[in-house]
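Chemist: Just passing along the structure, written as structure tokens.
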Amino acid sequence: MARTGDGELAFTAPDGRALPPVPARETGEDSLVFLREWAEERGIDLGADANLPLWDGTRPDYDWAVGAMLLNLAE
């Protein structure tokens with residue numbers, strides 16, 4: 001990724017090929033209505049706190065996580 005002379009971003013693949021820009025998706029009122037209805041049908045609150053993580057900042061227990069994965073592999 002690099003900034004061009006006019007300030008735009010240009011993306012390059014690892015092999016040096018220029019990657020074409022992808023236009024922004026258009027979202028309109030229909031998209032928002034659909035999302036609100038979809039969430040309401042499923043009892044999902046899309047309020048201001050909807051995307052807050054539940055993580056409390058404690059360090060992950062990696063020993064437990066790896067042990068649980070190994071147990072699943074053994075089954």
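Every residue, every condition in (1) in contact with a Phe, Trp or Tyr (Cβ under 6 Å, 6 or more places away or on another chain); (2) assigned to a loop (DSSP other than H, G, I, E, B); (3) aliphatic (A, V, I, L, M), yes or no:
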residue	(1), (2), (3)
R25	no, yes, no
L32	no, no, yes
A50	no, yes, yes
T58	no, yes, no
W64	no, no, no
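Chemist: Any residue at all in segment 47-55 that is without any contact (Cβ under 8 Å) to a residue 12 or more places away in the chain and either among the hydroxyl-bearing types (S, T, Y) or surrounded by 10 or more Cβ atoms within 10 Å (Cβ to Cβ) (or both)?
Modeler: The first filter runs over segment 47-55 and keeps only residues without any contact (Cβ under 8 Å) to a residue 12 or more places away in the chain, leaving 47-55.
If we keep only those that are either among the hydroxyl-bearing types (S, T, Y) or surrounded by 10 or more Cβ atoms within 10 Å (Cβ to Cβ) (or both) too, we end up with none.
For segment 47-55, residues without any contact (Cβ under 8 Å) to a residue 12 or more places away in the chain and either among the hydroxyl-bearing types (S, T, Y) or surrounded by 10 or more Cβ atoms within 10 Å (Cβ to Cβ) (or both): absent.
Chemist: Okay, next question. Select from segment 5-36 the residues that are surrounded by 10 or more Cβ atoms within 10 Å (Cβ to Cβ) and more than 30 Å from G47 (Cα to Cα) and list them in ascending order.
Modeler: Residues satisfying the conditions are A10, F11, T12, L19, P21.
Chemist: Here's a follow-up. Does W38 satisfy the criteria of being at pLDDT 90 or above, over 20 Å from the mean Cα position of the chain (by Cα) and not in a loop (DSSP other than H, G, I, E, B)? Before the answer, list the steps.
Modeler: On the way: at pLDDT 90 or above: yes; over 20 Å from the mean Cα position of the chain (by Cα): no; not in a loop (DSSP other than H, G, I, E, B): yes.
Against the criterion (at pLDDT 90 or above, over 20 Å from the mean Cα position of the chain (by Cα) and not in a loop (DSSP other than H, G, I, E, B)), W38 does not qualify.
The values are calculated or read from the model by the stated rules, or taken from the named source; none is laboratory data. Since we're looking at a predicted model, the values are computed, not measured. No Cβ is skipped: glycine too gets one built from the backbone with ideal geometry, and neighbour counts run over all protein chains shown.
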